[in-house]
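The values are calculated or read from the model by the stated rules, or taken from the named source; none is laboratory data. Just so it is clear, the model here is predicted, and its values are computed rather than measured. All Cβ positions, glycine included, derive from the backbone under ideal geometry; neighbour counts span all protein chains shown.
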Amino acid sequence: MDPSSFTTLNLSQNAAILTIVLAFAGYLVTFLSARMLARRRDKLDLVNKRLNEFYGPLYVASEAGNIAYRSLLQKQGKSQSFPILDDEMKEWVLWMTTIFMPLNDIREKIIIEKAYLIIEEQMPTCLLDFVTHVVGYKAVLAKWADGDYGERRSTIGWPPEFDVYVKRSYAALKAEQTQLLQSGIWRIYRRFFPR
């Protein structure tokens with residue numbers, strides 16, 4: 001056997017092996033980067049869904065309710081609504097039926113219908129407490145509709161941690177969304193694969 005043919009055969013075998021290794025490495029890099037981008041896209045989609053359908057509307061309704069509540073207190077020259085005096089009752093009924101309960105109903109509906117979007121594995125107690133607070137007010141408003149103004153507030157108090165939870169969760173999701181959108185890899189991916 002001619003030694004030059006052995007070298008040629010060895011070089012062509014090495015070139016074929018190198019081509020296969022490079023092709024496999026290219027495929028592996030493409031596969032892993034596509035998988036990583038798909039995971040990031042799925043994570044961003046979930047964050048967006050949580051913001052758009054749960055925490056965003058919950059946050060806006062809660063902030064609007066808090067602003068309205070502070071406005072009522074300021075109008076009445078009070079620092080808290082309790083106790084509701086007899087001469088304040090007409091105003092309280094008006095605000096409860098036209099402002100506070102509609103906002104409470106929005107938040108209650110979001111919590112009940114979109115509970116699968118909560119961040120935690122278990123339902124936060126403050127969300128359950130809020131829903132029971134609203135249910136208590138529904139009974140009070142039903143009595144008011146019948147002309148019975150003996151009860152002025154829900155027997156189930158407002159959960160003080162509710163607003164903190166909503167604000168904190170909304171802010172955390174917005175930060176995560178921003179971080180996911182500002183990733184260099186994600187920007188490159190979106191440039192080449194716009195929706």
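Okay, here's what the table says:
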| item | result |
| --- | --- |
| The listed residue being buried (at least 16 other Cβ atoms within 10 Å of the Cβ), modelled with pLDDT under 95 and either of a type in the set (Ser, Thr, Tyr) or not in a helix (DSSP H, G or I) (or both), out of Arg195, Arg152 | Arg152 |
| Unmet criterion (only one of (1) surrounded by fewer than 16 Cβ atoms within 10 Å (Cβ to Cβ); (2) under 30 Å from Ala175 (Cβ atoms)) for Ile106 | (1) |
| Any hit, region 97-108, residues being among the aromatic types (Phe, Trp, Tyr) and farther than 28 Å from Arg39 by Cβ | yes |
| Residue among Arg70, Arg39, Arg35, Arg50 that is surrounded by 15 or more Cβ atoms within 10 Å (Cβ to Cβ) and charged (D, E, K, R) | Arg50 |
| Any helices (runs of 4 or more DSSP H) falling wholly within region 53-115 and containing at least 3 residues that are under 18 Å from the mean Cα position of the chain (by Cα) | 56-76, 101-113 |
| Per-region count, region 124-179, residues touching a residue at least 60 places away in the same chain (Cβ under 8 Å) and within 14 Å of Leu58 (Cβ to Cβ) | 8 |
| Verdict on Thr178 being within 23 Å of the chain's Cα centre (by Cα), at pLDDT below 95 and of a type in the set (Ser, Thr, Tyr) | yes |
| Residue match in region 126-135 (condition: under 30 Å from Ser183 (Cβ atoms) and either outside any helix (DSSP H, G or I) or over 15 Å from the mean Cα position of the chain (by Cα) (or both)) | no |
| Residue count for region 155-174, restricted to those that are assigned to a helix (DSSP H, G or I) and surrounded by 16 or more Cβ atoms within 10 Å (Cβ to Cβ) | 8 |
| Hits in region 106-123 - residues which are closer than 28 Å to Arg152 by Cβ and in contact (Cβ under 8 Å) with a residue 12 or more places away in the chain | Ile106, Arg107, Glu108, Ile110, Ile111, Ile112 |
| All positions within region 76-103 that are surrounded by fewer than 17 Cβ atoms within 10 Å (Cβ to Cβ) and closer than 30 Å to Leu46 by Cα | Pro102 |
